[in-house]
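Here the structure comes first, spelled out in structure tokens, and everything after it is commentary.
FYI, it's all coordinate maths here, none of it is from the lab. On a predicted model such as this, the values are computed, not experimentally measured, just so you know. Quick reminder, even Gly has a Cβ in these numbers, built from the backbone with ideal geometry, and neighbours come from all protein chains shown.
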Amino acid sequence: MTSRLSAIIFATLLVCQSAYAADSEELLPADTIETMTTELQDELKTLPPATNELSRQIDSVLGSVTPTLQFASDALKKQEFSTVVDSLGLAKGTLSVALGKLPDVSVVADKDLASSLEGKGLEKFDVENVRALMDNMAITEKAALPEMAGLLDRVNQSGMDLAELNHSLERIGSSAENVTRNISFDFSNLANFSQSLQSIINNPGNIDAISREIGIAVASLGGNLKQAASAVAYGIAAGVDVNLEAAAQGAGYGSFAAAVDAYNAANGTSYSVDQAKSALGAN
Amino acid sequence: MKIMIFSIGLSLLILTGCQTDRQRYNIQDPEPVTLPEGLMPADKAVSPEFGRGYAGEMVSMYFGPKKDLLQTDPALTFHMLALFEYLTNELQHYAAGVAPYQMVELIDARNELREVIGLPKDISANDAINQLYSMSKFMVLASSQKTVEESEEITTRRKIIGKYKAQITLLLKKIKSKQDARQEKLVGEKK
């Protein structure tokens, strides 16, 4: 009787312990990349027909990214994280190259923008806040990327067939080496833009019962909020770069060259436009 | 022997039961925050009760039925993220009446958001709210720009590339985060 009681108490304690283990590590689900790959394949089927050479070239690149993602998916199932990171990095760089081949969608300047920067819309502390956030975005982005040195060799050694990828890259006048350079493009872009923000502010011309119920209702959404958070995050990741580019132009940098000049002025550097592009991996 | 085991078990059970749920789940009191002007209507910012209500309504709506709007409007997204940070902080107040296990889920969701956005995990609620809201204002400026129109054929392809590049970026960040967590755990175990 006593031993049965002890067992019950022990079991109760175990249950309590596991229930309170809120910090247990949740691994990345093994089918995460597979699901994404399937979605990509489905979306590719619904693309409007390619009527020009550029669209055909882009379709070829998108088609070659799929096997890279499938390779990453297989590696994830085997918990080979370094291979997952290498192959995902390669896929990301390939998409960056493809994006770079699309026509530049320059923004049309808004005449109200300059005045909104002159204190009405954005204060000095806002610029500092934005800069702090962008610096962290760049650091996080950089930390998550694969090690560039020897990336292609490692990918080859891990068994991935790069023939299709190389072929599609050749079609758009690029190469696997360009891809490795483009992998780091986004964080460089964020970091450099964050630096040049400073020159914007340096240039005067630029610049209970109800709540309780609602609170409980929101709190009960916990799991759903996580899903919503992921969905929102995709939107942010996809939209931030585009909007920052637009903001850069609207904030007085009518061109990339102007932004480079501002960067040089703010940081005492003397990059030429070509050097800056090269540094950003855009060449 | 059996009596000893029984006594130890009973003692442990009693000791475990002495902690409040807030202590067990490590729910802290809200951090003090200075709300940026414009984050919420002035009449809602006068007290935490009104503020929680407003932020709760907005977050419920834009993280729920209207979440598609966030994916096409970065300015609105950053505004809602700032309100979500505010809400998660304020709901930790005992008076908000949120069950600790629910609060843990909310804090997990907030931490996940911080992770994918690029906010440091240990940033203060005040800094997080202010940085996100400033970024929202900055994005308003960007959103006021008009882009040159292009054919649907190219636009669709541009969107697909952007979408999957973003998803891959987020996956890479998550993997990095898992690796860091594992590393920290290993170091902790060695100590």
Problem - J(HN,Hα) series, segment B:28-40, from Karplus relation 6.51 cos²θ - 1.76 cosθ + 1.60, nearest Hz, glycine and proline x - result: 8, 5, x, 7, x, 10, 9, 6, x, 4, x, 4, 9
Problem - Debye log10 I(q)/I(0) at q = 0.11, 0.15 Å⁻¹ for segment B:21-143, Cα point scatterers - result: -0.35, -0.66
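Counting other beta carbons within 10 Å of each Cβ, put A:MET36, B:MET103 in order, fewest first.
Numbers: A:MET36 18, B:MET103 23.
Going from sparsest to densest Cβ surroundings: A:MET36, B:MET103.
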Exercise for the section: Normalising by the residue count of segment B:33-171, find the relative contact order in percent from Cα pairs under 8 Å and 6+ residues apart. Expected result: 28 percent
Practice task
Which order do the peptides B:36-43, B:172-179 take when ranked by the mean count of other beta-carbon atoms within 10 Å per residue, highest first?
Solution key: B:172-179, B:36-43
Problem - Distance between modelled label sites at B:GLN183 and A:GLU128, nm, 7 Å Cα→Cβ extension - result: 3.1 nm
Fill in the blank from the handout: A:GLN79 and B:ALA42 label points (each 7 Å along its Cα→Cβ direction) are spaced in nm at 5.9 nm
Problem - Residue among B:THR34, B:GLY56, B:ALA125 farthest towards the positive dipole end of chain B, charges placed on Cβ - result: B:ALA125
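Count charges around A:LEU152 for me, please; just the other residues with Cβ under 14 Å from its Cβ, Lys/Arg as +1, Asp/Glu as -1. Present the calculation step by step, with values, prior to reporting the outcome.
Numbers: positive: A:ARG154, A:ARG181; negative: A:ASP86, A:GLU147, A:ASP153, A:ASP161, A:GLU177.
Cβ neighbours under 14 Å give a net charge of -3.
Across the residues of B:23-35, average count of Cβ atoms on other protein chains within 10 Å? Numbers along the way, then the final one.
Numbers: counts 0, 4, 2, 3, 0, 0, 0, 0, 0, 0, 0, 0, 0.
Per residue, the number of nearby Cβ atoms from other chains is 1 on average.
Provide a whole-number value for the mean count of partner chain Cβ atoms within 10 Å of the Cβ atoms in peptide A:56-63. The partial results should precede the final answer.
On the way: counts 0, 0, 6, 2, 0, 2, 4, 0.
Averaged over the peptide's residues, the number is 2.
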Exercise for the section: Quick one: order B:HIS93, A:HIS167, B:HIS79 by neighbouring beta-carbon count within 10 Å, fewest to most. Expected result: A:HIS167, B:HIS93, B:HIS79
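What does the average come to when, for each residue of peptide A:150-158, you count the partner chain Cβ atoms lying within 10 Å of its Cβ? Mind dumping the intermediate values first?
Values: counts 0, 0, 0, 0, 0, 0, 0, 0, 0.
Going residue by residue through A:150-158 and averaging, the value is 0.
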Fill in the blank from the handout: The pairs in A:LYS77/B:LYS174; B:LYS121/B:LYS174; B:LYS121/B:LYS185; B:LYS137/B:LYS173; A:LYS92/B:LYS174; B:LYS44/B:LYS66 lying past 19 Å Cα-Cα in this model are B:LYS137/B:LYS173; B:LYS44/B:LYS66
Fill in the blank from the handout: The size of the Cβ-based charge dipole (Lys, Arg +1; Asp, Glu -1) of chain B about the Cα centre, to the nearest 20 debye, is 920 debye
